[in-house]
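First comes the structure, then the notes that go with it.
What follows draws every value from the coordinates through simple rules; no lab data is involved. Given the structure is predicted, the values throughout are model-derived calculations rather than measurements. Here the Cβ is made from the backbone with ideal geometry for all residues, glycine too, and neighbour counts use every protein chain on show.
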């Protein structure tokens with residue numbers, strides 16, 4: 001395993017500056033945003049697809065700094081009632097670029113449909129009641145998600161790339177059960193569909209990413225490093241469902257942060273041990289959700305915290 005970074009946290013920095021930062025911190029791998037919710041700050045998407053920038057010319061910039069591209073990211077909502085088609089195209093373009101660059105993993109989200117054919121907004125069902133929730137789920141899975149993802153599985157397989165789902169709130173796939181349900185419905189797809197193990201989402205939903213890795217070791221295709229800090233003064237009265245803007249940290253029940261800010265070294269060491277036991281040997285991509293505008297500082301903190309723990313598993 002090696003420390004990396006999801007570079008969307010450096011969207012205000014150019015490619016060279018970002019790569020120099022990685023080299024200075026000893027970061028060997030990157031995950032690059034490529035489409036949809038990402039502004040693709042470090043990938044010349046159109047130039048690569050048109051041939052205006054060659055594969056060799058682009059990759060040479062990374063090689064000069066001792067950095068490899070471990071994954072591309074195109075998280076978005078391909079099942080959105082209005083925007084889905086554009087995001088679906090973003091996924092296809094990202095998979096094509098991944099195949100071109102020799103990158104075998106594309107990180108994305110499952111998407112979330114509306115609650116009916118006439119809805120214009122996605123509808124996230126998280127409870128068993130009222131009964132109409134089950135009608136919504138039947139529509140979302142049977143009429144929208146399964147046909148779309150069955151098609152994408154074949155496209156990815158033909159290109160020789162894998163898809164790693166970030167199990168994310170407000171997506172149809174947000175935990176292990178929903179991931180397994182998709183795989184069961186499609187059938188024979190776990191060579192292509194897997195999980196981006198970001199433990200932070202399970203933290204605030206009350207789960208534990210280490211147990212998910214133990215339950216589905218063969219499905220861990222990619223890993224994000226991100227922590228959650230709980231703000232007890234607000235959490236005790238509001239619980240963990242929180243719609244307030246992420247930048248309003250003092251008002252929220254919880255907030256994202258770099259590893260070590262919420263869980264201690266023992267927790268993260270056991271997380272790494274669980275990944276190693278599962279056979280995972282890929283990137284550990286620090287995902288920065290920093291509101292200071294200076295991502296180099298929290299990235300350095302993350303590297304300094306994880307590096308000594310990771311030394312035991314290399």
Worksheet, complete the sentence: Taking only the alpha carbons of region 139-184, the radius of gyration and the largest Cα-Cα distance, Dmax, both in angstrom, are 11.1, 31
Response to the item:
Checking rank on 56-62, 26-32, with mean other Cβ inside 10 Å and highest first, the result is 26-32, 56-62
Item to complete: For region 228-314, build the convex hull from the C-alpha positions and give me its volume per residue in Å³.
Response: 115 Å³
Discussion item. Please compute the alpha carbon radius of gyration of region 159-242, then divide it by the globular-protein estimate 2.2 N^0.38 Å. Two decimals is fine.
Written reply: 1.21
Worksheet entry | Euclidean distance between Cα centres, region 120-159 to region 184-211, Å | 16 Å
Practice prompt. Could you please state, rounded to a whole Å, how far the C-alpha centre of region 38-101 is from the C-alpha centre of region 281-314?
Written response: 23 Å
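With a/c under 1.5 counting as rounded, go ahead and sort region 78-132 into rounded, prolate or oblate using the C-alpha gyration tensor (a ≥ b ≥ c being the square roots of the eigenvalues; past the cut-off, prolate if a/b is larger than b/c, else oblate).
Numbers: a/c = 6.09, a/b = 2.24, b/c = 2.72.
Oblate.
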Discussion item. What number does region 228-276 give for Rg over Rh if you use C-alpha atoms and the Kirkwood radius?
Written reply: 1.09
Worksheet item: Where a ≥ b ≥ c are the square roots of the eigenvalues of the C-alpha gyration tensor, would you call region 111-222 rounded, which needs a/c under 1.5, or, failing that, prolate if a/b is larger than b/c, or oblate?
Response: oblate
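Roughly how compact is region 19-72, stated as its Cα Rg over 2.2 N^0.38 Å to two decimals?
Dividing the Cα Rg of region 19-72 by 2.2 N^0.38 Å gives 1.16.
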Item to complete: Order these peptides, 148-159, 72-83, by their mean beta-carbon neighbour count within 10 angstrom, highest first.
Response: 72-83, 148-159
Fill in: Radius, Kirkwood style, for region 210-251 when every pair of distinct Cα atoms is counted (Å)
13.2 Å
Fill in: Scattering profile of region 1-115 at q = 0.11, 0.12, 0.14 Å⁻¹ [log10 I(q)/I(0), Debye over alpha-carbon scatterers]
-0.36, -0.42, -0.56
Discussion item. Please compute the contact order of region 3-111 in relative form: average sequence separation of alpha-carbon pairs under 8 Å and at least six residues apart, divided by the residue count, as a percent.
Written reply: 27 percent
Worksheet item: Is it possible to state the helix-based mean residue ellipticity at 222 nm for the chain, with each DSSP H run of 4+ residues giving -39500 (n - 2.57), the sum divided by total residues, to the nearest 500 deg cm²/dmol? What is it?
Response: -12000 deg cm²/dmol
Discussion item. More than 27 angstrom separation, counting every C-alpha pair in the chain; what % is that?
Written reply: 43 percent
Item to complete: Please work out the Kirkwood hydrodynamic radius for region 64-155, using every pair of different C-alpha atoms, and report it in angstroms with one decimal place.
Response: 14.6 Å
Worksheet entry | Model label zone, residue 273; criterion: amide N under 14 Å from point 7 Å along Cα-to-beta-carbon; scope region 169-210 | 210
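What order, most packed first, do the peptides 223-234, 133-144 have when packing is the mean number of other Cβ atoms within 10 Å of each residue?
Top to bottom by mean Cβ count within 10 Å: 223-234, 133-144.
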